[in-house]
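This report concerns only the one structure given below.
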Amino acid sequence: MANSYNVGQLIQSAKNGDSKAQLSLGLLYCQGRGVEKNYSAAADLFKKAIAGGNNEALIFMGILCVKGQGVPQDYAKAMDYFRRSDETGSVKAAYCIGVMYRDGLGVEKDYSKAS
């Protein structure tokens, strides 16, 4: 579990524009570890991390869009985030895109595209 010292450092680093800290702090907000669970705060941090060039934050922003946590549920936006991350070679993003096609989330079910 994150201790208050580490969270305090993350908060300061995130405020200073550190995209890795923004991603890490956003994940803590999603999990409620060391901070109160707050998906809206997580989404804000992920967006800042994305603006700072953190491609991993694209995946987590996409997941929030799929689940409608902290942002309105929007499968098209989720797919956009996943595709942008996939363009960087992210295996996690490719998996998420496959799940979207497998489950028909905002796209027509297509098992060939899902695999």
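If I ask for residues that are at pLDDT 95 or above and of a type in the set (Ser, Thr, Tyr), which ones from the stretch 1-50 would you list?
Ser13, Ser19, Ser24, Tyr29, Tyr39, Ser40
Could you say whether any residue in the stretch 51-67 is part of a helix (DSSP H, G or I) and either farther than 23 Å from Ser90 by Cα or at pLDDT below 95 (or both)?
If we filter the stretch 51-67 for residues that are part of a helix (DSSP H, G or I), which is where we start, we get 51, 56-67.
Subsequent filtering for residues that are either farther than 23 Å from Ser90 by Cα or at pLDDT below 95 (or both) retains none.
The answer is no; no qualifying residue exists.
So which residues in the stretch 57-115 are polar (S, T, N, Q), more than 20 Å from Asn38 (Cβ to Cβ) and surrounded by fewer than 16 Cβ atoms within 10 Å (Cβ to Cβ)?
Filtering the stretch 57-115 for residues polar (S, T, N, Q) gives 69, 73, 85, 88, 90, 112, 115.
If we keep only those that are more than 20 Å from Asn38 (Cβ to Cβ) too, we end up with 85, 88, 90, 112, 115.
Within the stretch 57-115, Thr88, Ser112, Ser115 qualify.
Tell me, yes or no, whether the stretch 21-38 has at least one residue that is in a helix (DSSP H, G or I), over 13 Å from the mean Cα position of the chain (by Cα) and closer than 24 Å to Leu10 by Cβ. Reasoning before the result, please.
Start the filter on the stretch 21-38 by keeping residues that are in a helix (DSSP H, G or I), which leaves 21-31.
Checking which are over 13 Å from the mean Cα position of the chain (by Cα) leaves us with 21.
Now narrow it down to the ones that are closer than 24 Å to Leu10 by Cβ: 21.
Looking for residues that are in a helix (DSSP H, G or I), over 13 Å from the mean Cα position of the chain (by Cα) and closer than 24 Å to Leu10 by Cβ, one finds at least one in the stretch 21-38, hence yes.
When you look at Gly34, is it surrounded by 15 or more Cβ atoms within 10 Å (Cβ to Cβ), of a type in the set (Gly, Ala, Ser), closer than 30 Å to Ser115 by Cβ and touching a residue at least 12 places away in the same chain (Cβ under 8 Å), yes or no? Step through it out loud before you land on a result.
Numbers: surrounded by 15 or more Cβ atoms within 10 Å (Cβ to Cβ): yes; of a type in the set (Gly, Ala, Ser): yes; closer than 30 Å to Ser115 by Cβ: no; touching a residue at least 12 places away in the same chain (Cβ under 8 Å): yes.
Spelling it out, it is not the case that Gly34 is surrounded by 15 or more Cβ atoms within 10 Å (Cβ to Cβ), of a type in the set (Gly, Ala, Ser), closer than 30 Å to Ser115 by Cβ and touching a residue at least 12 places away in the same chain (Cβ under 8 Å).
Just a yes or no: is a residue in the stretch 99-111 in a helix (DSSP H, G or I), aliphatic (A, V, I, L, M) and not assigned by TED's automatic domain parsing to the domain that holds Gly26?
Quick first cut of the stretch 99-111, residues in a helix (DSSP H, G or I) only: 99-103, 111.
Still in the list and also aliphatic (A, V, I, L, M): 99-100.
Okay, now just the ones that are also not assigned by TED's automatic domain parsing to the domain that holds Gly26, so 99-100.
Scanning the stretch 99-111 turns up at least one residue that is in a helix (DSSP H, G or I), aliphatic (A, V, I, L, M) and not assigned by TED's automatic domain parsing to the domain that holds Gly26.
If you go through the stretch 47-70 one residue at a time, do you hit one that is among the basic types (Lys, Arg), outside the structural domain of Lys20 (by TED's automatic domain parsing), farther than 24 Å from Ser13 by Cα and in contact (Cβ under 8 Å) with a residue 12 or more places away in the chain? Full working, then the answer.
Here is the first cut: in the stretch 47-70, the residues among the basic types (Lys, Arg) are 47-48, 67.
Okay, now just the ones that are also outside the structural domain of Lys20 (by TED's automatic domain parsing), so 67.
Adding the requirement that they be farther than 24 Å from Ser13 by Cα leaves 67.
Restricting the remaining residues to those that are in contact (Cβ under 8 Å) with a residue 12 or more places away in the chain gives none.
Looking for residues that are among the basic types (Lys, Arg), outside the structural domain of Lys20 (by TED's automatic domain parsing), farther than 24 Å from Ser13 by Cα and in contact (Cβ under 8 Å) with a residue 12 or more places away in the chain, one finds none in the stretch 47-70, hence no.
The values are calculated or read from the model by the stated rules, or taken from the named source; none is laboratory data. Since the structure is predicted, the reported quantities are computational estimates derived from the model, not experimental observations. When we count neighbours, we look across all protein chains shown, and the Cβ atoms used for this are built from the backbone with ideal geometry, even at glycine.
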